[in-house]
Amino acid sequence: MTDKSQAPGKTAEAPHGSDVPRPVESSETDRLRREADEAQDRALRALAELENYRKRARRELDDERRFANQNLLHDLLPVVDNVGRAIEAAEKSPEAAAVTAGFKMVAQQLEQILARYHCTVIPALHEPFDPHRHQAIAQQPSAEWPAGTVLLVAQQGYQLHDRVLRPSQVIVSTGSAG
């Protein structure tokens, strides 16, 4: 009769061809655990990458929706400028009061449409110069305004949500001449 008591972690080897599993040695167990841990780590990383991809795709889709009208609005800005110029020219002629009123109504409608699509004027006059939102076309001295302040807006700038469609073209103060 053979002794059935054995050291822990070790079992007697099964005869060749039997269905009883063979013992797994400690080093093989450790290797299998490491492989399982690595596989689990890879799976978790893949899930994290998938979630990051989903978030990025959702963010890109939201941006695409927010800025879908950007090209159309950009193309409308010269029309807005020309309506403003027509109003200025018509205001200089007293006989053109009806034309002036008509152009002012058109300008108001254009402003409402732009606002509906979140296209807003970039504040510039007497604001500190911001190279991200303003384009300096000239500088001139000013005793009234400190250096770096916008003195005059030559062309109004617009932004769509937080993105600049067209920067304001401005003249910037260099401070007092003395």
(message) Considering only residues that are in a helix (DSSP H, G or I) and open to solvent by less than 70 Å² (accessible area, probe 1.4 Å), which ones fall in the range 63-78?
(response) D63, Q70, L73, L76, L77, P78
(message) Quick test for you: out of A107, A96, pick the one residue that is open to solvent by less than 80 Å² (accessible area, probe 1.4 Å), closer than 18 Å to P78 by Cα and either not in a strand (DSSP E or B) or not β-branched (V, I, T) (or both).
(response) A107
(request) Among the residues of the range 147-174, count how many are open to solvent by less than 80 Å² (accessible area, probe 1.4 Å), part of a loop (DSSP other than H, G, I, E, B) and farther than 23 Å from V79 by Cβ. (result) 3
(message) What's the total number of residues in the range 136-146 that are surrounded by 14 or more Cβ atoms within 10 Å (Cβ to Cβ), of a type in the set (S, T, N, Q) and assigned to a strand (DSSP E or B)?
(response) 1
(request) Select from the range 60-109 the residues that are acidic (D, E) and closer than 19 Å to V153 by Cβ and write down the one among them that is modelled with the highest pLDDT. (result) D81
(request) Mind telling me which of the residues R22, R56 ends up being part of a loop (DSSP other than H, G, I, E, B) and either modelled with pLDDT of 95 or more or out of contact with any Ser or Thr (no Cβ under 7 Å at 6 or more places or on another chain) (or both)? (result) R22
(request) With the condition kept exactly as written, say whether any residue in the range 85-101 is in contact with a helix residue (DSSP H, G or I) (Cβ under 6 Å, 6 or more places away or on another chain) and under 28 Å from V164 (Cα atoms). (result) yes
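The values are calculated or read from the model by the stated rules, or taken from the named source; none is laboratory data. All of these numbers come straight from a predicted model, not from anything done at the bench. Here the Cβ is made from the backbone with ideal geometry for all residues, glycine too, and neighbour counts use every protein chain on show. When the accessible area is computed, the model is the full protein with side chains, heavy atoms only, and any ligands, DNA or RNA have been set aside. Shrake-Rupley method; radii C 1.70, N 1.55, O 1.52, S 1.80 Å.
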